[in-house]
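Undergrad: One structure, pasted below without further comment.
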Amino acid sequence: MSASDALTLGKEERITSRKLIDMLFNGGQSHSMAAFPLRLVFLEKEREGACPPAQMLVSVPKRCFKRAVKRNRVKRQVREAFRHHKHLIGDVLPADRQLALAFIWLDDRFYDSAEVEQRVVFLLERLAEKMKSSE
């Protein structure tokens, strides 16, 4: 099993670039879809160098959970679900393209990890379908 196939979520697979975040939310080229309590904003772009096929970030607004501990719990659940199922989009993405993904939490209550995982899988499958149909 290669490093890209491993069930890990390394630093290079997280969006840390302010430029990429601005392009994702303000560029006008991004698309979004929702599966309550999550919204997925994504942007397909040219792959630069040896970066991974998909980079992601998780945002949980302070208005949903005032305490950082609660926001961190939700972020952990979403990252874990993405880590287990990122192969769903990696399989359909062309080698010269890259995806920037942002998962945004919409609700002010907690969900079971299984339910969060189900919603993440649903969003990733819809995204994979969209990628297949756009080819």
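Undergrad: Quick check on the range 70-87. Is at least one of its residues acidic (Asp, Glu), more than 26 Å from residue 18 (Cβ to Cβ), open to solvent by 30 Å² or more (accessible area, probe 1.4 Å) and in contact (Cβ under 8 Å) with a residue 24 or more places away in the chain?
TA: No; the residues of the range 70-87 include none that is acidic (Asp, Glu), more than 26 Å from residue 18 (Cβ to Cβ), open to solvent by 30 Å² or more (accessible area, probe 1.4 Å) and in contact (Cβ under 8 Å) with a residue 24 or more places away in the chain.
Undergrad: Here's a follow-up. Just name the residue that is modelled with the lowest pLDDT out of those in the range 89-131 that are open to solvent by 40 Å² or more (accessible area, probe 1.4 Å), part of a helix (DSSP H, G or I) and more than 19 Å from residue 37 (Cα to Cα).
TA: Result: 130.
Undergrad: Checking residue 51 against (1) more than 20 Å from residue 32 (Cβ to Cβ); (2) in contact (Cβ under 8 Å) with a residue 24 or more places away in the chain; (3) in a helix (DSSP H, G or I); (4) hydrophobic (A, V, I, L, M, F, W, C), only one condition comes out false. Which one?
TA: It is condition (3) that residue 51 fails.
The values are calculated or read from the model by the stated rules, or taken from the named source; none is laboratory data. Quantities reported herein were computed from a predicted structural model and do not represent experimental measurements. Here Cβ is always computed from backbone atoms with ideal geometry, including for glycine, and neighbour counts include all displayed protein chains. Heads up: the accessible areas ignore ligands, DNA and RNA and are worked out on the full protein's heavy atoms, side chains in. Shrake-Rupley method; radii C 1.70, N 1.55, O 1.52, S 1.80 Å.
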